[in-house]
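The values are calculated or read from the model by the stated rules, or taken from the named source; none is laboratory data. Everything quoted here is computed from the prediction, not taken from an experiment. Methodologically, a virtual Cβ is constructed for each residue, glycine included, from the backbone with ideal geometry; neighbour enumeration extends over all protein chains shown. Heads up: the accessible areas ignore ligands, DNA and RNA and are worked out on the full protein's heavy atoms, side chains in. Shrake-Rupley method; radii C 1.70, N 1.55, O 1.52, S 1.80 Å.
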Amino acid sequence: MEKQDLTPFLVAGASGLVGRALVGRMLADEGGPGVVAVVRRPLGIGDARLTEVVTDFGQVASARVPPVGTACCALGTTMAKARSEAAFRAVDLDAVAAFAGLARRAGAKRFLLVSALGADPRSRVFYNRVKGEAEEAVKGAGFEGLAVLRPSLLLGDRQESRPAETVAVVASSLFSWAMAGPLARWKPVPAESVAAAMLAVAGGVLEGVRIVENDEIHRLAA
């Protein structure tokens, strides 16, 4: 992070796995910029450098936030939690696009988005297609610099139970040692590593569109 720029970071998805790790790292840097978190409910973090803007994500476009320089979006849900394709799109596409618009209006010139491995707006897989559509929506928002991080399966302690994902995490962890070379792009990644990679990218020059695939996330975090 550039020490000279103390303009607050705008963050969405701060209650999620990556978002919590990201906000935690930012606030741990006492010399860094403050954080403006757009949240559905208070995070319960006592820090003077954290400003919370509580709003329903269906109304995020009308939220009022102070001027910011960089925005980070870690919004996301699952089909199991959303229970319908429409509800899933409302979070992973509509809310992401609305947050990008909010960030531009707040003066953000740079935007970092947590997407997913395999994101493609033309994919036949619904999840990957929506993630790809969200990437395209953010690309069209007009940021001077955009970084899209595409992590594989996320590792970390979630606040809600996801049985199917827990099984996948355990199974993939057993074989993660073998995920080298071409298979590195599939290796599960800790949420803390994604947060570290985001800050590493934010701390450098970010112009145009930069796609950060899963294997690069591991390298940046290391």
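Take Asp56 and decide whether it is in contact (Cβ under 8 Å) with a residue 24 or more places away in the chain and either within 15 Å of Glu136 (Cα to Cα) or charged (D, E, K, R) (or both).
It is false that Asp56 is in contact (Cβ under 8 Å) with a residue 24 or more places away in the chain and either within 15 Å of Glu136 (Cα to Cα) or charged (D, E, K, R) (or both).
Given (1) without any contact (Cβ under 8 Å) to a residue 60 or more places away in the chain; (2) farther than 19 Å from Phe143 by Cα; (3) touching a strand residue (DSSP E or B) at 6+ places or on another chain (Cβ under 9 Å); (4) open to solvent by 20 Å² or more (accessible area, probe 1.4 Å), identify the lone condition not met by Val65.
With (1) without any contact (Cβ under 8 Å) to a residue 60 or more places away in the chain; (2) farther than 19 Å from Phe143 by Cα; (3) touching a strand residue (DSSP E or B) at 6+ places or on another chain (Cβ under 9 Å); (4) open to solvent by 20 Å² or more (accessible area, probe 1.4 Å) applied to Val65, the lone miss is (2).
Which number in (1) closer than 22 Å to Val189 by Cα; (2) among the basic types (Lys, Arg); (3) open to solvent by 20 Å² or more (accessible area, probe 1.4 Å) marks the one condition that Arg124 misses?
With (1) closer than 22 Å to Val189 by Cα; (2) among the basic types (Lys, Arg); (3) open to solvent by 20 Å² or more (accessible area, probe 1.4 Å) applied to Arg124, the lone miss is (1).
Go through segment 141-172 and give me each residue that's at pLDDT below 55 and part of a helix (DSSP H, G or I).
Ala164, Glu165, Thr166, Val167, Ala168, Val169, Val170, Ala171, Ser172
Could we say that Ala106 is over 19 Å from Glu135 (Cα atoms), at pLDDT 95 or above and in contact with an Asp or Glu (Cβ under 6 Å, 6 or more places away or on another chain) here?
No, not satisfied.
Of all residues in segment 33-48, which are buried (at least 16 other Cβ atoms within 10 Å of the Cβ) and either touching a Leu at 6+ places or on another chain (Cβ under 6 Å) or in a strand (DSSP E or B) (or both)?
Of everything in segment 33-48, those that are buried (at least 16 other Cβ atoms within 10 Å of the Cβ) and either touching a Leu at 6+ places or on another chain (Cβ under 6 Å) or in a strand (DSSP E or B) (or both) turn out to be Pro33, Val35, Val36, Ala37, Val38, Val39.
Within segment 190-205, can you find the residues that are at pLDDT 95 or above and not in a helix (DSSP H, G or I)?
Pro190
Name the single residue that is most open to solvent (accessible area, probe 1.4 Å) among those in segment 72-121 being free of Cβ contacts under 8 Å to residues at least 12 places away in the same chain, farther than 15 Å from Ala61 by Cα and of a type outside the set (A, V, I, L, M, F, W, C).
Filtering first and then ranking leaves Arg83.
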